[in-house]
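Heads up: the structure comes next, in structure tokens.
Readers should treat all values here as calculations from the given coordinates under stated rules, not as data from a laboratory. The shown structure was predicted, so the numbers you read here are calculated from the model rather than taken from an experiment. Glycine also receives a Cβ, built like all others from the backbone with ideal geometry; neighbour counts cover every protein chain displayed.
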Amino acid sequence: MLALLAALSLTAPSPASPPASLPHVEVVAEDLYEADVAFALDAIEEQCATLLRLKDIDWKRVRKEFTKEAKKVRSDQEHWVLLQRLIARVQDGHARVNPLAEIELPEEWDVKRVGPGFFLCRVGKRYYAKVVWSTAEEVGLAPGMEVLSIDETPVGKWIDARIEEVSDMRSFSTEQHALHWVLNRGFQKPEGDRLKIEFKDGKKKRKRTISYRKASSTPEGPAVILEGYESVGDSVRWARSPRGFGYLHFRRTQPEVVEELDAALAAMGDLDAIPGMILDFRGNSGGGCDHEAFEARFVPLGQEMERLVRDPLPGAGPKTYGGPLVVIVDGTVVSAGETTSGMFKEDGRAYMIGESPTAGMSSQKTTFELPSGLFELKVSIGSNRSSFNGGRGIEGIGVPPHELVEFDPEELAAGVDTLIRRAEELLEDFPQKEVRYDPADHGWGE
């Protein structure tokens, strides 16, 4: 990092002058930078106190570290880097440093990065290729193959080191948030770079070099996209699962998702003839939607669903589905994706499975400007859905599934998504004791 800061100082613009609102005294830029950091440390400690305690963050240690580091800052760019590192210590996926002045991005941040053409999953203490395409596929990597090393480092050590490296500059709300980010996005490099990978092809170990081209690093969610799926708008895909159950994948939860859900339910035909439904939220990047309206599409019209801490929910929408539900999540599900998927579990409407809890990145937020006028900071000050997790909310915790399910490498190799397959098993023999809502009590199927 010191090398980066030194490099940035050679090309950074001249330090900003103090804003007119400050007292008219001779103030050097370095003093402004230190004042910003001191102000930020105080404001975060005051405004984020509840979440700092929840996440067991030693703010005294953070204060000592960044008060010292602030004395070394000599340019606006270096200041931006330090503030970004400070925000990372809040462990808040929504935290941001927003520039308020014309400041060039640090050179390292302004490099376009692409993916290598694979995502990984963790099974026990081992790592396997979950999805493979593009250049990774060209060198012989395939889903279900065990990955042994990355750039000549054992893959487990590489993953741990990468999480530590990225967490210095990027804020993650939970361990599962950081892990799933690295398993999907953590292999990004500039186009033209190379990555050495060792993997097992059957019993043979193979070493290959992947050259980076224009491969996406944004996780799709499911390991396998079901055949015959149809997309509705930007957020919803629907299909029938291999065993004939309904399947809905929600890529985003923007305001229009309820309208898109209505269109998908209409396209699925006779909903009473569908014996169970899978709601897959993996890869959901959040947004914001009418949660009540969304959940109401899964309560029969003319019926109400009792909920533990909220008023009964009546069914609503052009068509509703009242049968058994299984929800799928993992650490890629963030923000509004967590509140939307989580309510099905917390309200007792569905059985939830996943590789891990959701990201734990769902909160109320505030923004405050720093004294220099160069930047403002956005931070979380409280958790969304305070009724979740026994009153602790979502932020810093996530929504834990009823059942943790790991991928089966042999199924990945055969083109089967283990979690979808497990959801089908559950729908065939539904764990009704774990779910308060009983379709029979609401007239479904009559």
Compare the peptides 341-351, 296-306 by average per-residue count of other Cβ atoms within 10 angstrom and give them in order, highest first. 341-351, 296-306
Residues with amide H under 5 Å from that of residue 232, placed H, sequence gap 5 or more: 237, 238
proj_area_mean for the range 237-317 (convex hull on C-alpha atoms), units nm², value 5.9
Entries of 72/125; 130/345; 130/214 with Cα pairs more than 31 Å apart: 72/125
Mean Cβ neighbour count within 10 Å, used as a protection proxy, ranking 64-71, 178-185, 33-40 highest first: 178-185, 33-40, 64-71
For residue 207, go through the lysines and keep the ones whose alpha-carbon is under 17 Å away, minus same-chain ones fewer than eight residues off. 196
Neighbouring Cβ atoms within 10 Å as the yardstick, rank 420, 87 fewest first. 87, 420
Backbone HN-Hα couplings from phi across the range 393-403 [Karplus 6.51/-1.76/1.60, Hz, Gly and Pro as x]: x, 9, 4, x, 10, x, 9, x, x, 4, 9
Tell me the label only: which of [x] 37, 26, 20; [y] 42, 29, 18; [z] 40, 24, 19 is semi-axes √(5λ) of the Cα gyration tensor in Å as calculated from this structure? [y]
When the chain is fully extended, how far beyond the present Cα-Cα distance does residue 392 get from residue 432, taking 0.36 nm per residue of separation? 11.8 nm
Using just the alpha carbons, could you tell me how many Å³ per residue the convex hull of the range 306-446 encloses? 177
How big is the range 113-211 on each of its three principal axes, counting only the C-alpha atoms and giving the largest first in Å? 37, 33, 21
So which lysines pass the test for residue 68, namely a Cα distance under 27 Å, with those fewer than 8 places away in the same chain ruled out? 55, 60, 378
